[in-house]
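Everything below concerns the one structure shown next.
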Amino acid sequence: MTASFAPCRAKMEADGVAESAISAFESTFNLLVSGESGMISESTITPVPELVHADSIDLAPDTSLLDKTVVLKLNGGLGTGMGLDKAKSLLKVKGDDTFLDLTAKQVLKMRESFGSQVKFMLMNSFSTSDDTLAFFQEKYPGLAAEEGLEMLQNKVPKLDATTFEPAVDPNNADNEWCPPG
């Protein structure tokens, strides 16, 4: 029996996954079913010949570059291992401030201090998007209203290790998808 990608494609299309993500997963799927491990042998890795030490770089700061800069916050993980059911970044870490509060405040302070409009973007997952966007709409509506606040990570189905068919959980369809990251 040859494994077919068709059931994975159908599942991903039904869930609205972008064609580019489906194609990327299909390539990975084909490597998996062909027996590729994806491992890079240590014997094929060589060290970089020379690294420039950061202390040896003599550049004057150029704050005009901030208008061309994006602060990208990786925000795809749930805190399920910590007993949470929402984005880890919504965990309070100092007083009433969450990790996301600290990040938002840093971006706003940078904009104020340097008179620039440094772009802010979140790399969310299907698991963190709703909670995170609701948080920003409530606490930082100005940031929430900015175009392109969110870049959503794609999702891929879990596979049955024997058949390579998409996994099925009749009790919770969310469990049928690989965790983000």
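The values are calculated or read from the model by the stated rules, or taken from the named source; none is laboratory data. These figures come from a predicted structure and were not determined experimentally. Because the Cβ atoms are built from the backbone with ideal geometry, glycine has one as well, and the counts that use them run over all protein chains shown. Note: accessible area is taken over every heavy atom of the protein model, side chains too, but ligands, DNA and RNA are not part of it. Shrake-Rupley method; radii C 1.70, N 1.55, O 1.52, S 1.80 Å.
Summary table below
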quantity	calculated
Scaled radius of gyration (Cα, divided by 2.2 N^0.38 Å) that the range 1-50 gives	1.64
Amide H contacts of Ala167 (H built 1.01 Å from N, under 5 Å, at least 5 apart or other chain)	Lys158, Leu159, Asp160
Projected label distance in nm at Ile40 and Leu84, using a 7 Å step from Cα toward the beta-carbon	3.0
Radius 12 Å from Cβ of Leu72, net charge of other residues (Lys, Arg +1; Asp, Glu -1)	+1
√(5λ) per eigenvalue of the Cα gyration tensor, the range 1-155, largest first, Å	35, 27, 16
Euclidean distance between Cα centres, the range 64-101 to the range 3-60, Å	25
Solvent accessible area, Å² - Phe126, 1.4 Å probe, full protein context	70
Exposure of Arg111 as accessible area (Å², to 10), given a probe of 1.4 Å and all protein chains	30
Computed FRET value (nearest 0.05) for Asn154 with Arg111, which takes r as the C-beta separation and R₀ as 22 Å	0.15
Accessible solvent surface per residue of the range 1-128, calculated while the other protein chains remain in place, 1.4 angstrom probe, Å²	70
Simple label model, 7 Å out from Cα along Cβ direction - His53 to Ser27, nm	3.9
The range 38-80: C-alpha gyration tensor shape, a/c 1.5 cut-off, then a/b vs b/c	oblate
Residue-averaged 222 nm ellipticity for the chain, from DSSP H runs of 4+ at -39500 (n - 2.57), nearest 500	-9000 deg cm²/dmol
Of all accessible heavy-atom area on the range 4-139, the percent that carbon and sulfur account for (1.4 Å)	56
Ser37, Ser129, Ser64, reordered so the largest accessible area comes first (probe 1.4 Å)	Ser37, Ser64, Ser129
³J(HN,Hα) computed for each position of the range 43-58 - Karplus, 6.51 cos²θ - 1.76 cosθ + 1.60, integer Hz, glycine/proline x	5, 8, 9, 10, x, 5, x, 7, 10, 7, 7, 4, 5, 8, 8, 10
Beta bridge orientation in the chain: antiparallel %, DSSP, nearest 5	35
From phi via Karplus (6.51, -1.76, 1.60), per-residue ³J(HN,Hα) for the range 138-151 in Hz, x at Gly/Pro	7, 9, 9, x, x, 5, 4, 7, 5, 5, x, 4, 10, 10
Charge dipole (debye, nearest 20) of the chain; +1 at Cβ of Lys and Arg, -1 at Cβ of Asp and Glu	360
Hull volume in cubic angstrom per residue (convex hull over the Cα atoms of the range 55-99)	174
For the chain, with +1 on Lys and Arg beta carbons and -1 on Asp and Glu, the positive-most of Gln117, Ala54, Leu102 along the dipole	Leu102
For the range 107-114, 3J(HN,Hα) per residue [Karplus equation, 6.51 cos²θ - 1.76 cosθ + 1.60, θ = phi - 60°, Hz, x = Gly/Pro]	5, 5, 5, 4, 4, 5, 5, 10
Whole-number Å³ per residue for the convex hull built on Cα positions in the range 85-181	123
Filter on Lys109/Lys155; Lys92/Lys119; Lys11/Lys94; Lys94/Lys119; Lys11/Lys139 - keep pairs with C-alpha separation over 31 Å	Lys109/Lys155; Lys11/Lys94; Lys11/Lys139
